[in-house]
Each structure stands twice: as structure tokens, then as C-alpha cells.
Amino acid sequence: MDQFKSKVAPADGKLAVLLPGMGAVATTFIAGVEAVKAGLGKPIGSLTQMAHVRLGKRSEKRWAMIKDLVPLASLDDLVFGGWDPIPDDAYIAATKAKVLSPEHLMQLETALSRIKPMPAVFDKNVVKRLEGANVKKGTKRELANQLIQDIRGFMDKNKCPRAVMVWCASTEAYQEAGPEHQSIAAFEKALDADHPNIYPSQLYAYAAIMSGVPYLNGAPNMSCDFPALVELAEKRGVAIGGKDFKTGQTLMKTIIAPGLKARMLGMEGWFSTNILGNRDGEVLDDPANFKTKEVSKLSVLEQILEPDRYPELYSDLQHKVSIHYYKPRGDNKEGWDNIDIVGWMGYPMQIKVNFLCRDSILAAPIVLDLALFGDLAARAGMKGIQEWLSFYFKSPQHAASVYPEHDLFVQKVRLENNLRYLVGEELINYLGSDYTNE
Ligand SMILES: NC(=O)c1ccc[n+]([C@@H]2O[C@H](COP(=O)([O-])OP(=O)(O)OC[C@H]3O[C@@H](n4cnc5c(N)ncnc54)[C@H](O)[C@@H]3O)[C@@H](O)[C@H]2O)c1
């Protein structure tokens, strides 16, 4: 076992956690980490901080906390930085986001107000509903170089030997990969030509990969999930992953749908609607930005239910998703789901889910886990798409030759087995025959 363990470099020194986008999710994440460090809160929802995994045979009764099993950066070693077109420091941004209470935030003011966003690479054509003065100027090539300098400068200034980047910025307008996204050569050429199809998030992803920094995308827009950057990540040995944090309604979908499918219950329809009043909701109120989110949200059921394999159960399924910007609700999203299911002899039944969730409260622990696991992947020499992190994403990035895995429980087994593998522990396949034969 030790022979494997030694292959993962230790988490010595500080880790820069770089966040494009310092809005509700990013500031709730940073504030939460600072609160945990100060003993003001618990990291609920974070596997890296709270989860145990079983090791060996059931009869061995061996368990370990993930953070003891694999060498992860400690919360005390995280140094936060980021970019945002809005110049507010993390304390002001968190106060405006209204996710955490003023009483909570006041106790964290010193730590949060120190974190000021670097000028962002921002394009109003891609996120129409935002204004911001804290932006960089230059051609796409110059902007990419400025981001690379920012990364290096931040790591040097804060004495961080390692960094990881998690995209927490607004959802960009819907885009499909064009010719300029198909190879590194085409992408580099498009950078030099200042091509409008290269969106800001792609420049951040490019800068991260060129700097050897793992890049994880928390929004549904195309950022590192196209051939050119997949190729670049492989070539430069950098871990990447995405996309779209799996939080409220889609989290519920990937919990409920595998259960219904496992029981071979049919489904005629799944109607999902949400009201949301934060800035994310405002950005998503623009049809071009909503389209990006819709594609991400819709992809889930099809893969879980496999209508081609089970046409009698799922071929007529109607899946509808809508999001409404409704200001009074703020970050506290309310989601309604109506699921029309079918049982024995075709008799219909309904399930209603009314989820009064807190979007950023669900997203913050995902940012933490992705940052720590992204850094672990780098130290373990893992490169390219990190499919074992699918657990955290609505629309998991996957190799071109396979379909994405959406079932939360399969994703969890995969994540845990990956961790066991990294430290030379036996992989668990739940066959169980060894116990019955003992
Ligand atoms: N909260 C959730 O549960 C959840 C779930 C899945 C995905 N997401 C995604 O995470 C992202 C962040 O969500 P949020 O609620 O924090 O939104 P937010 O609007 O509060 O924060 C986004 C921030 O990104 C900044 N920004 C926009 N373009 C930028 C750029 N090019 N560079 C740097 N900063 C930029 C904005 O100024 C804003 O401060 C969104 O894309 C959202 O769709 C959130």
C-alpha cells in the first residue's frame, strides 16, 4: 500500500485557490472555509472534510476519513484569489449576495475584505446582463498572457507552490464548438486573430492549463470541454473537469431517477420549474444564457433512464425545465418537480417535490472538494479529463468514446474507488461472494 501512497506527492506548502467570478458561490465558499477555520461553522456537504470510506472487506470493519486516506491540502493552507468585473472585495460581495447572515459575515470581515478581485477578462456580448469596470484590455492573445501573469504573480506573492482554478463566474451565452475549438493549432491561431468565438472562460481555462494549474468548470458554458483544450491538457499533463455544479434540482434528479429506474418503474413526464432571485438568476433570464443551462439540465434523465434500452418504460418521457428570475426569493431558490410515473399494468402515479433550497449553500462545499481533489489529481500525476469527479457535475465532462455517467451512486462508487486506488487499497466491487464463502 505504501508503495502507491508514495506516488502521490505530499501536500506541502500553500495552495492558491483561484476563482474566476467572486459572486454568491465563490464568496459563500471562501466565507465558509474561514468560518470552519475559526470554529464558527461546520463544512457540511463536503466529502473531503466529512466523509468516510470503507476499506477492505466488510469483515475487517475498516473505515477512514477521506482527508486521512489521501494527502489533501489542509484548509489552513488555502490562499484565495480571483477575478471579477465588479471590483467589490469578498466581504462586500458576500454582503450583497445575501447568502450568509450579517452576523456571520461580520465575524469574518477581516479575512474576507483582504480578498480583492483582479481585473477580469470580460465580454459583455457573452454575459449581457452584467456591467463591470474592473476589466482587462487587449486582444485575446494579450488577455490570455495577462491571465498567465496574474496566476504566476499571485502564486509568487503568496508563496504558493501549487494552484488550482475553479470557474465560479456567470454562465456565458450558449455556444457550440466551432472550427477554432477543434485543435490546439486552430485555437492558438484564433487567439492570434482575436476571434470572437473564443469566450472569456476559455481564456481562463487556457491560461490555467498553460500554467500547469488544474481547471474545473462550475458553470454550464463551454470552457475546457472542447477538443483543443482537452488536447492541451493531455499534452501539458494538467487535470481538467466540468461542468456545472450539481446542486439543487439536478441533484434531486440524479438521486430520485436512478431509484425509480432501479425498480423498473416507468415515467411519462418530469416537469421541473424554479424561481430564483440572485444575480445568477438575472443572468439566466437572458435566453442565450438560459439555453446553456437548459442543455446542461436536460442531459441528465436521458442517460440515467436509457429510453433506447427500455422503450416501454421511458420512450414517451416528456422532460421540461424552466427557470424564472423572481427577485424576492434571492439566493433561496424554490424548485417544483412533478414526476409522472407508471407502475404495474400501466397504472399512473405522481411524485411532487418542492425543494426550498439555498443554491450557494449547496454549491460551496462542491467548490471546496473540487479544489482539493483537483490539487490531489495534480500531485498524483493525473492529467486530462477527471471523470472520477463526475459526482460534482450536472453535465460531467467525459472522454469522446464513452457516455457521461449521471447516476449519483455510480459516481460516488467511482470517486471512492479512485481514492482507494491512489493509495493502493483494494477496490470494492460489492460482489460479496468472499463473505458467503468464508
Ligand atoms: N449556485 C448554484 O447552486 C450553482 C449551481 C450550478 C452552477 N452554478 C453556476 O456558478 C456560477 C456562479 O453562480 P453565482 O450564484 O455565484 O453567480 P453570481 O452572479 O453571484 O456570481 C458570478 C460572478 O461572476 C462574475 N463574472 C461574470 N463574468 C466574469 C468573467 N468573465 N470573469 C470573472 N468574473 C466574471 C460576475 O460579476 C459575478 O460577480 C454561475 O455560472 C452559475 O450558473 C451555480
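The values are calculated or read from the model by the stated rules, or taken from the named source; none is laboratory data. Being a predicted model, the structure only gives us computed values, none of them experimental. A quick note on method: Cβ atoms are made from the backbone with ideal geometry, for glycine too, and the neighbour counts reach across all protein chains shown. Surface areas here come from the heavy atoms of the whole protein model, side chains and all, with no ligands, DNA or RNA. Shrake-Rupley method; radii C 1.70, N 1.55, O 1.52, S 1.80 Å.
Values for this structure:
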| quantity | calculated |
| --- | --- |
| Surface share of carbon and sulfur [accessible, 1.4 angstrom probe, percent] for the range 9-49 | 61 percent |
| In the range 47-131, GluC sites (Glu not before Pro) in a DSSP loop with at most 16 other beta-carbon atoms within 10 Å | Glu131 |
| Cα radius of gyration and Dmax for the range 7-106 (Å) | 16.7, 56 |
| Reference-scaled alpha-carbon Rg (2.2 N^0.38 Å with N residues) for the range 61-164 | 1.37 |
| Accessible surface of Ile361 - all protein chains present, 1.4 Å probe, nearest 10 Å² | 70 Å² |
| Hits among lysines - C-alpha to C-alpha of Lys291 under 16 Å, sequence gap 8 or more where chains match | Lys128, Lys243, Lys320, Lys394 |
| Semi-axis lengths (Å, descending) of the ellipsoid that matches the C-alpha gyration tensor of the range 221-321 | 28, 21, 12 |
| Residues of type aspartates and glutamates that Lys383 reaches as a straight line, Cα spacing below 15 Å, ignoring anything fewer than 8 places off in the same chain | Asp225, Glu231, Glu234, Asp375 |
| Protection proxy ranking, peptides 278-289, 385-396, average beta carbon neighbours within 10 Å, highest first | 385-396, 278-289 |
| Estimated [θ] at 222 nm from DSSP helical runs (n ≥ 4, -39500 (n - 2.57)) normalised by residues in the chain, nearest 500 | -12000 deg cm²/dmol |
| At R0 = 41 Å, FRET efficiency that the Cβ-Cβ distance of Arg54 and Ala186 yields, to 0.05 | 0.30 |
| Set Lys7/Lys61; Lys98/Lys297; Lys136/Lys189; Lys136/Lys412 screened for pairs whose C-alpha atoms are more than 29 Å apart | Lys136/Lys412 |
| Whole-Hz ³J(HN,Hα) from phi, Karplus 6.51 cos²θ - 1.76 cosθ + 1.60, for the range 141-155, glycine and proline x | 4, 5, 5, 4, 5, 5, 5, 4, 5, 4, 4, 4, x, 5, 5 |
| Cα-Cα separations in the range 300-342 greater than 16 Å, expressed as whole percent | 53 percent |
| Cα-based Rg of the range 146-198 normalised by 2.2 N^0.38 Å, two decimals | 1.49 |
| Sorted peptide list for 189-197, 202-210, criterion being average Cβ within 10 angstrom, highest first | 202-210, 189-197 |
| Highest-MSF residue in the chain out of Gln107, Gln350, Gln146 [GNM, Cα springs under 10 Å] | Gln350 |
| The range 275-360: chymotrypsin sites (Phe, Trp or Tyr not before Pro) falling in loop per DSSP and having at most 15 other Cβ within 10 Å | Tyr326 |
| Length-normalised contact order for the chain - Cα pairs under 8 Å, 6+ apart - percent | 20 percent |
| Largest-first principal axis extents, alpha carbons of the chain, Å | 64, 52, 52 |
| Surface/4 of the Cα convex hull for the range 271-425, nm² | 11.8 nm² |
| Exposure of Val99 as accessible area (Å², to 10), given a probe of 1.4 Å and all protein chains | 20 Å² |
| Counted charge near Ala163, where neighbours are those whose Cβ lies closer than 15 Å (Asp, Glu -1; Lys, Arg +1) | +2 |
| Backbone HN-Hα couplings from phi across the range 276-291 [Karplus 6.51/-1.76/1.60, Hz, Gly and Pro as x] | 8, x, 8, 5, 4, x, 5, 4, 6, 6, 7, x, 5, 7, 5, 4 |
